[in-house]
Structure formats: C-alpha cells, structure tokens
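Inspection log for the structure reproduced underneath, given as structure tokens.
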Amino acid sequence: MAVLATAPAPSTAARRQTATVVDPPQSPTGPAPSGLLTARTSEEYAALLHRTVDCLADRFASVDAPSAGPDLERLRRLVGAADLDGPGVGSGAALAEADSLYAQNAVWFHHPAYLAHLNCPVAVPAVAAEAMLGAINTSVDTYDQSLVGTLMEQRLVAWTAERIGFTAGDGVFTSGGTQSNLQALFLARTRAERTSGEPRSALLPRLRVLSTDAAHFSVSRSAALLGLDEDAVRTVATDADGRMDPRALHTLLAHLHAAGDTVMAVVATAGTTDRGLVDPIAPIAEVTSAAGVWLHVDAAYGGGLLVSPRRRHLLDGIEHADSVTVDYHKTWFQPVSSSALVVRDPADLAAAAHHADYLNPAAEAASEDAEPNQVDRSLQTTRRFDALKLWTTLRALGPEHIGSMVDAICDLAIAVRAHLEDDPDLHVQGTTDLSTVILRFQPPGVPDAVADDLQARIRRDLFRSGRAMVARTTIDGVPCLKLTLLNPETTVADVAAVLEQVRATGEQLLAGTEATR
C-alpha cells in the first residue's frame with residue numbers, strides 16, 4: 001500500500017516526465033470511465049495532481065505582481081467562451097484551461113505588493129492537507145461519516161478553548177467569522193429567551209445587541225436574520241482611538257434596562273477590520289458579568305494573538321467571554337475556509353441541536369454510548385473537515401512559530417508607520433494593535449475635498465494596473481487608504497515600494513485634476 005513518505009520528492013522536471021495525463025479510453029469489457037476518484041483511477045489522479053502542482057509551483061515562483069489586472073470585460077469574455085454544455089474535453093485539458101483561466105487571472109495574496117484585505121498567504125502543510133481532505137471528502141457532521149476526523153476537530157476546538165482560558169470549553173468549526181458570529185448571537189438569543197420566560201414573539205422587539213460602530217457588519221446582519229428589530233443593534237461609544245469605552249457600555253446598559261429593553265449580547269471586537277484595534281476585553285467583561293449579559297468576542301482577525309509570544313496580553317479577559325470567534329484563515333495562515341466558534345459553557349451549544357431519524361436520532365443521542373455527532377452543535381449539516389489544515393500546520397510548525405509570524409506582521413505595521421512619520425504627502429491616521437495602517441494621500445496645499453476624491457481613485461488605478469493592491473475605507477467620515485499586512489515575509493522596503501506607487505499615482509491624478517480646472 002502506498003503511503004506518504006518523508007523521502008526527498010523527485011525533481012519538478014522528473015515529475016513532469018512521468019506526469020503526462022492521458023484520459024483512459026473506454027474499455028469494451030469493463031465499466032465506462034466515470035471520472036471519479038476510485039481505485040481504478042488512482043494513477044490518473046496522481047499524475048493529474050502532480051501536473052497541477054507543478055504548474056502552480058511555477059506560478060508561485062514567477063508571479064511578479066498581485067494580479068494580471070482586472071479587465072472585467074476581458075474576463076467576462078474568457079469565462080463566457082467556455083462551453084459548459086458541450087462534451088467533456090478530458091481531465092488534462094480541463095485542468096490546463098483552469099490554469100490559464102483561473103490561476104493566470106487570480107489575485108496572489110502571497111505577493112508583497114498585495115496589501116489590501118484580510119487575505120493571508122497560506123502555510124505549505126495546510127495546502128497539502130487541503131489536497132488530502134478534498135480527495136477523501138470527509139463530512140464531519142456525523143461520526144459515522146468522519147470517524148477520526150470528528151475526534152481531531154474536537155481536539156483542536158478543545159485546544160483553542162484552552163488557549164482562550166476556558167476550563168471546559170467547546171465549540172465547532174465554521175465557514176468563517178460571519179457564520180461564527182451568527183451562531184454566537186443565536187446562542188445568546190436562546191439564553192435570553194430561556195431566562196426571560198417570555199414567548200419569543202413578545203421578547204424579540206425588545207432584544208438589543210451592543211457593539212461599537214467598528215464591529216463587523218455580520219453583527220447587524222445576524223441580528224436581522226435572527227428576527228430582531230431594525231434598531232436592535234445599538235452603538236457603544238469609543239475612546240479617542242476607537243476602542244469600546246467600558247464606562248459608556250455601563251451607562252448604555254443601564255439606560256436600556258430602565259427603558260424595559262433586554263440586552264441579549266455585547267460584542268467586543270479583538271481586531272477591528274479597518275484599524276486592527278482590540279477592545280479592552282477585561283473591563284468590558286466586568287461590566288457584562290455584573291449585568292448578566294452574554295459577552296461575545298469577535299476575534300476573527302486578532303485570534304492569532306492566542307499564540308503570540310509577545311502580544312497575548314492584548315486578549316486579557318477573553319477567558320470571561322461566553323463565546324469567541326476565531327478565524328484561522330486570517331492570522332493563523334490557513335486556506336479559506338477555516339474558522340471556529342468556541343463557547344465557555346458547552347451546554348449553550350445545545351441550542352443548535354436538531355435531531356433527524358436518518359442522521360442523528362434523538363433516542364441515540366440520549367444513550368450512554370452516543371456517537372459524537374458534530375452536527376448536534378453546528379448550524380451546518382454537510383461540512384468539510386477544515387480542521388485537518390490547522391492540525392497539520394500545528395504539527396508541522398508548532399504554535400510558537402505561528403505566533404512569531406503574527407508578531408512579525410504586527411511589527412511590520414509599526415515599522416511602516418515609523419517610515420511614514422515625517423512623510424509630507426502620506427499621512428498615517430490613528431493607531432492599531434495589529435497589522436493595519438490607515439493613511440491618506442494629501443500633499444501640502446491640497447484641499448480636503450480634492451484629497452477626499454483622490455483616495456478611491458488611487459486605489460482603483462492601482463487595482464486596474466495589477467501592480468499593487470491597497471484597500472480604501474472611511475474613518476470618522478474621512479476617506480482613507482488602508483494597508484492590511486498579513487505576510488510575515490513582506491519587508492518595510494516592499495511596503496515602501498507600494499507607497500511610492502501610491503504617491504506617484506496620486507500625483508498623476510492630482511496633475512490631471514488641476515489641468516482640468
């Protein structure tokens with residue numbers, strides 16, 4: 001039986017000589033080729049995968065820009081030209097087409113000139129694990145479909161809970177922070193219903209969720225999906241930097257209680273999307289604990305701090321939360337998707353349980369030898385074994401190594417801010433706890449209104465060129481550019497080169513604006 005070995009792999013050239021994919025002809029005596037991965041097609045699978053990996057390795061080694069440029073009309077023509085109703089072209093041709101259509105025109109998050117969104121380069125062992133889980137195709141909804149996969153996911157959730165500081169926590173992997181936040185607020189709503197003793201119809205109009213205006217948009221979306229009123233999400237004031245003010249939270253809680261409202265949850269953010277700020281979790285937890293209110297910490301961005309050798313203190317107090325969102329596909333360098341919702345009290349997960357006779361009968365769940373079905377705690381049924389990627393990464397690199405990469409990107413943000421300290425044209429806005437840098441292109445003498453218009457145009461022109469990618473946002477009503485630094489191999493010089501492109505693009509746009517006056 002073939003196994004994965006640690007012996008040196010053959011060279012790329014050698015693999016290519018043996019990786020030619022020829023689609024097998026239909027046998028006159030045997031069954032027709034199905035195209036499925038089975039014992040009959042294992043050699044074809046190996047050759048096809050080797051060929052695909054070699055093509056990707058070449059692209060990673062040679063790509064010289066974040067993208068080839070997003071010419072929307074050209075891409076639409078390329079996509080539209082594919083005949084999805086025609087006869088099959090064979091695996092080799094189909095993968096060659098995927099390479100030229102998708103890979104050639106993809107956005108490359110590993111490139112040092114990609115500084116836009118919360119997309120990270122990914123750990124090599126995680127990518128290899130992705131191929132493994134895709135081929136085996138485990139679904140971790142019931143134990144009889146996943147076996148050891150269920151136990152590995154549960155072990156990773158328990159490990160994450162221990163890192164948070166939950167003595168007996170539990171949880172489940174999800175597709176991302178949006179789903180994790182939705183489930184957290186669903187559990188919070190369930191607890192509020194249970195403790196109030198009121199019918200849901202009577203309680204829903206009075207339920208409130210508190211967060212700052214920097215909380216992820218999924219908080220408001222989740223409130224809507226859970227049937228709360230349009231004004232259910234109330235904004236807690238922040239300090240001068242943009243972190244939640246615990247005193248303002250205390251005041252708002254008291255005001256809402258006096259008005260007869262029920263606060264079902266407070267959402268603190270450990271890593272706001274724009275500024276990368278961490279709300280002061282410990283004093284917030286003191287307020288919510290005294291008020292008996294569910295505290296959810298959205299650490300989708302900042303969850304990597306759990307393994308940071310030098311910045312773990314930023315999450316002090318997180319052990320007092322009722323639930324925590326962690327996105328491993330951000331500051332843990334995992335391929336999308338890989339997230340988890342972790343709760344302090346495992347009993348709270350019961351709100352998500354639903355029993356079906358064909359899947360997880362209630363009678364079996366109540367028995368002493370009940371199988372550990374993850375569907376009993378998940379909003380999903382069919383669900384990928386995404387935990388394998390994190391498992392493999394932890395075993396290959398170790399948590400301290402991952403944490404050092406988190407520290408590296410945070411250090412890079414500090415260095416970039418220092419690089420811009422005396423820049424006459426590029427002005428840093430606010431502060432950060434993580435790895436974002438907010439800046440604004442505004443040379444001396446340029447009016448605010450003109451500079452406001454320039455920020456989005458600079459981002460657009462760089463995006464269209466494919467040379468570099470930055471993001472744009474608005475902070476306190478002021479349009480800005482945003483750098484999101486998630487590549488620990490990116491240097492200050494790499495970022496400085498992108499900033500010079502920002503400056504040059506802004507100057508060109510400014511010259512054109514002045515010429516039309």
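The values are calculated or read from the model by the stated rules, or taken from the named source; none is laboratory data. Because the structure is a prediction, the values reported are computed rather than measured. Glycine gets a Cβ as well: all are built from the backbone with ideal geometry, and neighbour counts include every protein chain shown. Areas reflect the complete protein model, heavy atoms only, side chains present, ligands, DNA and RNA absent. Shrake-Rupley method; radii C 1.70, N 1.55, O 1.52, S 1.80 Å.
In this simple spin-label approximation, Ala237 and Ala106 carry label points 7 Å from Cα along the Cα→Cβ vector, and these lie 4.8 nm apart. Annotation: peptides 199-210, 167-178, 271-282, ranked by per-residue average of other Cβ atoms within 10 Å with the highest first, follow the order 271-282, 167-178, 199-210. Subtracting the Cα-Cα distance of His117 and Asp448 from their residue separation scaled by 0.36 nm leaves 116.6 nm. Put a plus charge on the Cβ of each Lys and Arg, a minus charge on the Cβ of each Asp and Glu, and nothing anywhere else: the dipole of the chain about its Cα centre is then about 500 debye.
Protein heavy-atom surface of segment 295-451, 1.4 angstrom probe: 51% of the accessible area is carbon and sulfur, with nucleic acids and ligands not counted.
A dipole drawn for the chain from +1 and -1 charges on Cβ atoms has a positive end, and of Phe441, Ala254, Val89 the residue lying farthest that way is Val89. Taking the centroid of alpha carbons for each part, segment 249-307 and segment 140-167 are 26 Å apart. What translational diffusion coefficient, to the nearest whole µm²/s, does the chain have by Stokes-Einstein, given a Kirkwood radius computed over alpha-carbon pairs, a temperature of 20 °C and 1.002 mPa s viscosity? Answer, rounded: 84 µm²/s. Per residue, segment 266-311 exposes 24 Å² of solvent-accessible protein surface, assessed with a 1.4 angstrom probe and all protein chains in place. Overall shape: oblate for segment 174-285, with the ratio a/c of the largest to smallest alpha carbon gyration tensor axis at 1.5 or above and b/c at least equal to a/b.
Carbon-plus-sulfur accessible fraction, segment 120-230 (probe radius 1.4 Å, protein heavy atoms only): 56%.
Within segment 185-271, DSSP assigns beta bridges of which about 10% are antiparallel (rounded to the nearest 5). Between Ser196 and Ala356, the FRET efficiency estimated from the beta carbon spacing at R0 = 41 angstrom works out to 0.90. Once a ≥ b ≥ c are taken as the square roots of the eigenvalues of the Cα gyration tensor of segment 275-411, is the result rounded (a/c under 1.5), prolate (a/b larger than b/c) or oblate (a/b not larger than b/c)? Because a/c hits 1.5 or more and a/b fails to exceed b/c, segment 275-411 counts as oblate. Rolling a 1.4 Å probe over the heavy atoms of the protein chains gives segment 427-517 an accessible area of 43 Å² per residue. Accessible surface computed residue by residue for segment 139-262, with neighbouring protein chains in place and a 1.4 Å probe, gives 45 Å² per residue.
Once segment 59-205 is represented by equal point scatterers at the alpha-carbon sites, with solvent omitted, what log10 I(q)/I(0) does the Debye formula produce at q = 0.15 Å⁻¹? Treating every Cα as an identical point scatterer, log10 I(q)/I(0) equals -1.10.
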